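Chemist: Structure provided below as structure tokens; questions to follow.
Derivation of every value follows stated rules applied to the coordinates shown; laboratory data play no part. In this text, all values refer to a predicted model and were calculated from it rather than measured experimentally. Glycine also receives a Cβ, built like all others from the backbone with ideal geometry; neighbour counts cover every protein chain displayed.
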Amino acid sequence: MSSNSASWTLSLLKNLTSYLDDPTQDRLGLLIEYIKKTVSRLQNDDFRYHSVSSVQLDKYGLFDKDYSNRIALGREDTFWNRTTRVWDYAYAQLLADDLRALSLLLWLTRLFRNLVAGISTNQEKAVEYEWHVKVLKTLDYCLEIIENKKINYRDDAIAFTNSSMQALSNTITGHPELQQLLWSDLMNETIGKGILNRVATQEDEVSLTSLLMLVYNSIHNSKARSKILVESPTGIDLLKYLLCKAELLLADENSKRFEMIYAVISELIDLDFFPILYDMPSISARRDQPNRHQIALLKFLDSKLHSSDPGQTQLSPSSTTHLACIFQQLSPHIINSMKEATNDSLSDQAREIQPELMENRSTLYTALILLLQCFGNLSQSEDENTRASLFSGGVVAVAISLLRQAEETIPRITKPIKANSAQQDSGEFANVKRDLVNVIANMSYKNRRVQDEVRNLGGIPVILNQCSIDDANPFIREYAIFAVRNLLDNNFENQKLIEQLAPIEVLQHPAVSDIGLRAELNDDGRVHIRRG
């Protein structure tokens with residue numbers, strides 16, 4: 001320890017003792033001012049992170065820096081004994097309704113937060129002296145102030161909530177043993193009953209962000225701790241709230257809260273917890289109708305897959321198979337919804353009478369588009385196991401079934417658009433045909449099993465029917481041509497099938513009809529245009 005650090009540490013301990021033991025002085029006021037100076041001194045000790053993540057520790061090498069003052073303090077048992085005395089004194093005053101003590105506890109928590117960041121010996125000392133327990137007890141008191149809307153000291157209570165989450169996060173970051181200990185206690189509510197979920201529901205943005213940092217640091221690269229999160233009642237309630245909150249924050253994807261929720265969910269997906277997340281109690285409800293939490297989860301997965309490098313999309317076989325199972329489970333209900341959309345041709349009045357029907361149809365459509373976008377990314381993967389999981393999960397067969405139904409019930413939209421009900425209703429399933437064709441095209445690329453499957457299921461004529469313009473499905477003609485190319489590649493049976501096809505009739509395009517022209521087939525099977 002340098003002479004400067006040693007003298008400063010001894011001075012700190014001496015003053016703490018004198019302020020505690022002298023009954024003639026304003027203890028709270030003096031202690032608050034002195035702890036403030038101490039926190040300031042530690043912040044100037046080459047330390048800039050109020051809340052440290054595992055990624056920051058790796059990136060900036062915080063373990064390797066020489067934080068002389070913090071290291072010197074952490075070595076002194078006298079420091080821990082006396083600051084614990086200060087905490088116990090302040091907490092007793094708080095319980096006696098002297099709310100001035102909250103300010104002292106806030107500064108002690110900031111001292112705790114800065115002292116443990118990146119220094120494993122200080123983290124261990126803090127847990128040995130049960131500072132994490134003391135923080136959680138005080139946090140419970142602060143949350144009561146916030147929840148009961150007590151105006152006085154509310155700002156201090158919010159500030160304490162933020163600092164306490166940061167302190168707990170810093171206590172465990174980079175220390176697997178403490179992560180396991182503290183995380184298990186929090187999830188099982190051995191300490192701090194209901195604390196995490198109460199913090200999550202606070203309106204303050206910083207409180208939720210600090211909580212999310214604690215959650216992320218706890219589960220990062222740990223399947224065991226992530227398992228506790230997705231299986232414990234506390235964790236399930238927390239995840240349900242986060243998915244709901246994420247849905248509200250979708251309009252502001254640059255917010256820190258959304259970024260941290262995404263980081264937590266993304267970490268769980270990386271650790272192969274997508275199937276459990278999607279089906280966990282209180283989130284899953286009906287097999288035929290996904291709810292908003294499941295839709296939010298699919299949006300996270302779609303975003304994660306979309307942000308991956310093309311061809312490098314990675315999702316575990318079990319998660320990929322589960323995604324295919326969801327597709328299979330929803331497909332009969334999607335087909336029924338397509339039929340209803342065509343048969344009903346709902347007027348505005350009918351839509352008002354049947355809002356639940358329209359909401360269910362909209363939810364199914366959203367789920368279908370998200371699933372197809374996920375499959376579109378996964379089917380481009382260079383990992384053959386990923387595409388094999390999709391195939392064995394029945395994605396190709398279901399896609400052909402849905403495309404056939406869409407072809408029968410959803411009319412093409414071609415310019416000029418006319419205000420007829422059929423074309424308006426087809427907009428409810430916009431882009432579906434295109435995305436289905438895209439999945440089939442990707443899956444059939446240099447894959448004989450898929451090529452044969454599409455032929456055996458009668459999918460080739462259905463694909464050929466998509467080789468025309470449809471304004472509800474931009475670029476579907478190009479996707480369909482690419483699909484045909486992949487289906488015919490080195491596949492004699494598919495090539496022969498195409499050769500045997502004969503033209504039956506010409507589909508009349510409205511743009512051509514509107515200028516008085518008509519397309520017809522000659523006896524030799526060629527198309528010619530004539531007037532009227």
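Chemist: Let me know the number of lysine pairs in segment 317-501 closer than 22 Å at the Cα, not counting same-chain pairs under 8 apart.
Modeler: Counting lysine pairs in segment 317-501 gives 5.
Chemist: Provide the gained length on full extension for the span residue 98 to residue 464, in nm with one decimal, where the gain is 0.36 nm per separating residue minus the Cα-Cα distance.
Modeler: Extra length from residue 98 to residue 464 when fully extended: 123.9 nm.
Chemist: Considering only the other residues whose Cβ falls under 10 Å of the Cβ of residue 99, what net charge follows from Lys and Arg at +1 and Asp and Glu at -1? Present the calculation step by step, with values, prior to reporting the outcome.
Modeler: On the way: positive: 100, 150; negative: 97, 98, 156.
Net local charge, residue 99 excluded: -1.
Chemist: Continuing with the same structure: How high is the FRET efficiency between residue 88 and residue 203 when r is their beta carbon distance and R₀ equals 35 Å, given to the nearest 0.05?
Modeler: Once rounded, the FRET efficiency stands at 0.65.
Chemist: Can you give the direction-averaged projected area of the convex hull of the alpha-carbon atoms in segment 232-307, in nm²?
Modeler: That works out to 5.0 nm².
Chemist: Please list log₁₀ I(q)/I(0) at q = 0.20 Å⁻¹ for segment 103-235, using the Debye equation with identical point scatterers on the alpha-carbon positions.
Modeler: -1.17
Chemist: Given R₀ = 25 Å, what would the calculated FRET efficiency be for residue 497 paired with residue 449, taking r from the Cβ atoms and rounding to 0.05?
Modeler: For R0 = 25 Å, the calculated efficiency reads 0.90.
Chemist: Using label points projected 7 Å from each Cα along Cα→Cβ, tell me how many nm separate residue 248 and residue 190, to one decimal.
Modeler: Taking the two extended label points, one gets 3.3 nm.
Chemist: Something else now. At q = 0.28 Å⁻¹, what log₁₀ I(q)/I(0) does a Debye calculation on the Cα points of segment 138-211 give, no solvent, two decimals?
Modeler: -1.35
Chemist: OK, next. Taking 0.36 nm per intervening residue step and subtracting the Cα-Cα distance, what contour gain separates residue 227 from residue 308 on full extension?
Modeler: Taking residue 227 through residue 308 to full extension adds about 26.7 nm, to one decimal.
Chemist: OK, next. Which value in nm describes the separation of the simple spin-label points at residue 366 and residue 336, placed 7 Å from the Cα toward the beta carbon?
Modeler: Once both label points are built, they end up 2.0 nm from each other.
Chemist: While we're here: At a 10 Å Cβ-Cβ cut-off, how would you order 475, 160, 429, fewest neighbours first?
Modeler: 475, 429, 160
Chemist: State which entries of 137/304; 125/299; 37/137; 37/240; 150/299 exceed 32 angstrom in Cα-Cα distance in the structure shown.
Modeler: 137/304; 125/299; 37/240; 150/299
Chemist: Residues with beta-carbon under 10 Å from that of residue 447, excluding residue 447: net charge, scoring Lys, Arg +1 and Asp, Glu -1?
Modeler: Computed value for this residue: 0.
Chemist: Let me ask something else about it. Can you work out the FRET efficiency for the pair residue 180 and residue 148, with r the C-beta to C-beta distance and R0 = 45 Å, to the nearest 0.05?
Modeler: Values: r = 35 Å, r/R0 = 0.77.
Calculated transfer efficiency: 0.85.
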